Amino acid sequence: MKKRIIVFTGAGISAESGIKTFRDSDGLWENHDVMEVATPEGWARDYELVLNFYNERRKQALEVAPNPGHLALVELEKEFDVQIITQNIDNLHERAGSSSVLHLHGLITKSRSTIDENLVYEIEGTEINPGDLCEKGSQLRPHIVWFGENVPNISIAHEMCETADILIIIGTSLNVYPASGIVNFAPRKCPKYFIDPKAEKIVLVNNLNIIKENAGTGTPTLVKELLDNA
Ligand code: NAD
């Protein structure tokens, strides 16, 4: 049976595709305070600004392409059972060809109802506009988990991590909770790798190999090593 690899990714894996991370921009997300554009309070204050912000992010995400980091993870599927868990809202893992991707914080290409979170839609084109309504008549919002909101996929992510034979963490500051806590659910003995130019030891996570490199170079190197030894 193939060994199971859980890959946990953050904004850093998409940086070399041209999508900015926000810790690297002084806590601003494309020049916006995250409290303005990524909270329910921000939505209540000025929903048109929030819609515009994600319309721009969506256009950008569709213009860029997967980089060697995303592509290497697809190669890994040749010898391993690979499950990606991403904090990213872009769809670059899917566009690279990864077959199993769980999004913890939603997906930029989808919209959802503001009165029924189960009503989720593919966005036709690139925009959600004021007046675009769900089938129950409420304004559509981006299908994104904002700060202060529940993370519906967190339990399933915990269960996935518990099944890891190997854990790979890529391009995340591990500053966003509860998402970052999932790394603690991997078995103690399972080998773990952390690829990020700012990677550091993680409290309570043992058997951790720190790879202080960009995703675009560090990931293909690690993938080759794992495939050679599979
Ligand atoms: P973060 O912005 O907090 O941290 C980014 C991390 O990426 C840092 O540790 C940084 O050192 C690392 N990094 C920068 N360039 C890198 C590279 N080339 N290769 C590897 N690592 C690199 O990101 P986060 O931890 O993912 O948390 C931010 C939240 O913001 C997430 O929840 C995410 O939903 C959202 N976000 C998403 C995107 C996206 O979808 N692409 C972009 C920005 C923010």
Inset, instruction - Read through the list (1) in contact with a helix residue (DSSP H, G or I) (Cβ under 7 Å, 6 or more places away or on another chain); (2) assigned to a loop (DSSP other than H, G, I, E, B); (3) surrounded by 22 or more Cβ atoms within 10 Å (Cβ to Cβ), then give the number of the only condition that Tyr193 fails. - result: (2)
Legend entry - Hits in the stretch 157-190 - residues which are closer than 20 Å to Glu213 by Cα and either part of a loop (DSSP other than H, G, I, E, B) or away from the ligand (no atom under 16 Å from the Cβ) (or both): Ile166, Gly171, Thr172, Ser173, Leu174, Asn175
Inset, instruction - Kindly check whether there is at least one residue in the stretch 75-82 that is in a loop (DSSP other than H, G, I, E, B), open to solvent by 60 Å² or more (accessible area, probe 1.4 Å) and over 24 Å from Met35 (Cβ atoms). - result: yes
Legend entry - Check on Ile154, open to solvent by 20 Å² or more (accessible area, probe 1.4 Å), within 13 Å of the ligand (Cβ to nearest atom) and either more than 23 Å from Gly18 (Cβ to Cβ) or under 19 Å from the mean Cα position of the chain (by Cα) (or both): yes
Legend entry - Within the stretch 196-219, considering residues that are part of a helix (DSSP H, G or I) and surrounded by 17 or more Cβ atoms within 10 Å (Cβ to Cβ), the one nearest to the ligand (Cβ to nearest atom): Ala215
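Do you know which of the residues in the stretch 89-146 that are at positive phi and surrounded by fewer than 14 Cβ atoms within 10 Å (Cβ to Cβ) is nearest to the ligand (Cβ to nearest atom)?
Checking each candidate, the answer is Gly97.
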Inset, instruction - Give the stretch 36-62 a look and list any residue that's open to solvent by 10 Å² or more (accessible area, probe 1.4 Å), more than 13 Å from the ligand (Cβ to nearest atom) and under 19 Å from the mean Cα position of the chain (by Cα), or say none. - result: Lys59
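The values are calculated or read from the model by the stated rules, or taken from the named source; none is laboratory data. Keep in mind that what you see is a predicted model, and the values were worked out from it rather than measured. Cβ sites come from the backbone with ideal geometry, for glycine too, and all protein chains shown count toward neighbours. These area figures cover heavy atoms from the full protein model, side chains too; ligands, DNA and RNA do not enter into them. Shrake-Rupley method; radii C 1.70, N 1.55, O 1.52, S 1.80 Å.
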